[in-house]
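The values are calculated or read from the model by the stated rules, or taken from the named source; none is laboratory data. Just so it is clear, the structure is predicted and the values come from calculations on it, not from any experiment. When we count neighbours, we look across all protein chains shown, and the Cβ atoms used for this are built from the backbone with ideal geometry, even at glycine. To get the accessible areas, we keep the full protein, side chains included, count just its heavy atoms, and leave off ligands, DNA and RNA. Shrake-Rupley method; radii C 1.70, N 1.55, O 1.52, S 1.80 Å.
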Amino acid sequence: MREKQRERMQIGQVFANYGAAMKLALQIYPSKLGLTLGLYFLGSVFSFLSEVYLLRYIVNALQLGEPTEKIIGFILLTMAASILFRIWSAVYDDLLLPLIDKRCEVRLRKKIYAHSLQQDLADYEDPAAFAQYHRAVNSGADAILRAVHVTCLIVSRVLNIGLTGWLMFAIDPILLVFAVLPLLSGFLRLKSETLYHTQRVHEDEINRRKEYTKRTFYLKDFAKEMRMTRIYRVMLRRFREAVDDYIRLQKTLGVQGAIVGAGIMLLLLGSLIGAEIYALYGALAAQTMLYGDCLIVLNSMGSVSSELEQFFRIYPEIYGIALHITDFLVFTEKKPVVSPNPDGPLPTAGDITLEHVSFRYGADDTDVLRDVNLTIRRGEKIAIVGHNGAGKTTFAKLLMRLYDPTEGQITVGETDIRRCRLAAYRAQYGVVFQDHKQLALTIAENVLGRPYTPADDATVWDALKKAGLADVISTMPHGIHTVVTREMNADGAVLSGGQAQKLAIAAIYARDCATVILDEPSSALDPIAEREMYQAMRDACADRTMIYISHRLSAAVSADRICVFDGGRIKEIGTHRELMALDGIYAELFCMQAEHYVGERGNETV
């Protein structure tokens, strides 16, 4: 339905969107727009003089007996001007334009990345929203650059048509009649652009499926699974299905495009051949046209027809820009559900309170969290435990305001967190996610979570020491300036799973945050390292609120309180001793894990 609405875009909306694209172009490509406009203007003038007017002047001057010196002088003057222009054009194209393009790309990407950081986390989990984002940063961003090109073309086409049209009218006004036929092709161009856009939208979806399949074969994330199972056969089948979809799409829209293209070519050929026959008759039979004028018609009528046809082809180009810029405008103008509240109050330290909090993802009809009520006292150490899918990680995401509750409210102190400045509120949290990702930056930058300065040395080394990673980093040739992973640097450090988690934990020590959330931070650590890590974290977080989520219940034993989640609700809450005495869900889980460890130890001693 949305695509049909886009295809039926009214002319007013077309030019409104084109105007929006040009407004963005002025912000992002100001120097390129100005210099390219000047280049197109001079190019049109010099092209007319050297390629059209000069030939007519020479032939007619010879036929009329003009002095040779006058003819040569005009030729030399025109050639000198043309040479100077071509030198400037080469300098612009080969030296200035690449530099301008790179600077402009920085402006464009900064704008895109700034908006992407404001997008809700839910948008990355919604296929439709993610597809729209993908179109915005690709075809939408490209539409802004196309708007620069089209605006320059408009200036060039108007000038070319005006100069050459004036000459044709001076030769014989009837010649302009043959220029009418290319105008009709503009309507066919509109249909062609609509077909092109429709094809691009469908191809974008197909290419995303193809690219995902390709990534599973060459990215490290999938390497082990692809080699240890036969899932690669399924991925190959998915790739073939995407290719088959592309072939079907090409057969449908490609045939329509070929028919439209053939109609355009017939109109252009009819215009060109008619004008040439008329000029030859006037010069050779009726002798109403000078030879130079006839040559101009034979050599230039095709370009005149083409210029007229392409001028009216500009509207389909504008139409295409209007279609493609829509996604970019929607993306940049979309207001996030989790509002940044830049003018809201700064967060204050205090107890964290959840009152009747429920949450569901997107259009799901099932709540992941249901009527959760909990107060976490400032400085308290809370453990969140429960089966997989019980809502533990979702609970943490709501605390960090990566999502807002579907129902209920969360307050810090006495302030609803939705009223606080989002960036300042999130800065109050230090987090180690279960699926923590290392960035291909230096150790120091990964620890600090911001640009490094020499004054940060002590902070970084202290954090690495507390995380138990200082000895490893000190043996690396570049120390804290070693780049993590070898994706961008052959001398990069490849950290083990445990070392990577320690690096993430070091980032907690380096930050001045009121609340620490650890979401399965010890999954890659052995039990001894895990115990040492939790003890170190408790010592470091003596005056901070600490919330840790773990499936290993041994980590919860020393917590001030343990919250047991089940089916999206808090079913039990208390200390380890109290919950064991309750003999409920927690006691059952703890005893099962204890039996597992005791059993393993017994097997080792046998």
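Nearest 0.05, what FRET efficiency do ALA594 and TYR124 give at R0 = 30 Å with Cβ-Cβ as r? Working from the Cβ atoms, E equals 0.15. Taking amide H atoms as placed 1.01 Å from N in the peptide plane, the amide H of LEU441 lies under 5 Å from those of VAL484, each 5 or more residues away in sequence or on another chain.
Taking 29 Å as the straight-line reach from the Cα of LYS251, the lysines in range (excluding those fewer than 8 positions away in the same chain) are LYS4, LYS191, LYS210, LYS214. Amide hydrogen proximity for TYR361: with H placed 1.01 Å from N in the peptide plane, the residues at 5 or more positions away or on another chain lying under 5 Å are VAL368. The gain in end-to-end length when the LEU84 to VAL338 segment is fully stretched comes to 85.7 nm, 0.36 nm per residue minus the alpha carbon separation.
Ranked by solvent-accessible area (1.4 Å probe, protein heavy atoms only, all chains present), the residues HIS436, HIS576 order from largest to smallest as HIS436, HIS576. Of the residues THR348, THR332, ranked by 1.4 Å probe accessible area with the largest first, the sequence reads THR348, THR332. Shape analysis of segment 1-104 places it in the oblate category; the axes a ≥ b ≥ c from the Cα gyration tensor give an a/c of at least 1.5, with a/b not above b/c. Between ARG419 and ALA61, the distance separating the two model label sites (each 7 Å from Cα on the Cα→Cβ line) works out to 8.4 nm. Computing FRET efficiency as 1/(1 + (r/R0)^6) for LEU97 and ARG208, where r is the C-beta to C-beta distance and R0 is 30 Å, gives about 0.45. With a simple spin-label model that places each label point 7 Å from the Cα along the Cα-to-Cβ direction, the separation between MET226 and VAL177 comes to 6.6 nm.
Evaluating 6.51 cos²θ - 1.76 cosθ + 1.60 at θ = phi - 60° for every residue in segment 327-339, the Karplus couplings come out as 4, 5, 5, 4, 5, 7, 9, 5, 8, x, 5, 7, 5 Hz, glycine and proline recorded as x. Calculated mean residue ellipticity at 222 nm for the chain: -20500 deg cm²/dmol, from DSSP H runs with n ≥ 4 weighted as -39500 (n - 2.57), summed, divided by the residue count and rounded to 500.
Ranking ASP435, ASP364, ASP416 by solvent-accessible area of protein heavy atoms (1.4 Å probe, all protein chains present), from largest to smallest, gives ASP435, ASP364, ASP416. Amide H contacts for ASP566 (H built 1.01 Å from N in the peptide plane; partners 5 or more residues away or on another chain; cut-off under 5 Å): LYS571. With both bridge residues required to lie in the chain, what share of the DSSP beta bridges run antiparallel, to the nearest 5%? Taking every DSSP beta bridge with both residues in the chain, the antiparallel ones total about 50 percent. Charge tally around GLU241: other residues with Cβ under 12 Å, Lys/Arg +1 each, Asp/Glu -1 each, net +4.
With 0.36 nm allotted per residue and the present C-alpha distance subtracted, the LEU219-ALA440 stretch has 78.1 nm of extension available. Per residue, the convex hull around the alpha carbon atoms of the chain comes to 219 Å³. Positive contributions from Lys and Arg (+1) and negative ones from Asp and Glu (-1), summed over other residues with Cβ under 14 Å from the Cβ of PRO98, come out at -1.
Taking label positions 7 Å along the Cα-Cβ direction at both TRP166 and ARG426, the computed distance is 5.8 nm, reported to one decimal.
Return the whole-Å distance between the Cα centroid of segment 10-53 and the Cα centroid of segment 530-578. Each part reduced to its Cα centre gives a spacing of 63 Å.
A simple rule links phi to the HN-Hα coupling: the Karplus curve 6.51 cos²θ - 1.76 cosθ + 1.60 with θ = phi - 60°, which for segment 539-545 gives 5, 5, 9, 4, 9, 10, 6 Hz, with x for Gly and Pro.
For ALA16 and ASN489, what does the FRET efficiency come to when R0 = 60 Å and r is the distance between their Cβ atoms, rounded to the nearest 0.05? Once the sixth-power term is evaluated, E becomes 0.80. Here the Karplus relation 6.51 cos²θ - 1.76 cosθ + 1.60, evaluated at θ = phi - 60°, turns the backbone of segment 26-39 into coupling constants of 5, 6, 9, 10, x, 5, 5, 4, x, 5, 5, 4, x, 5 Hz, with x for every Gly and Pro.
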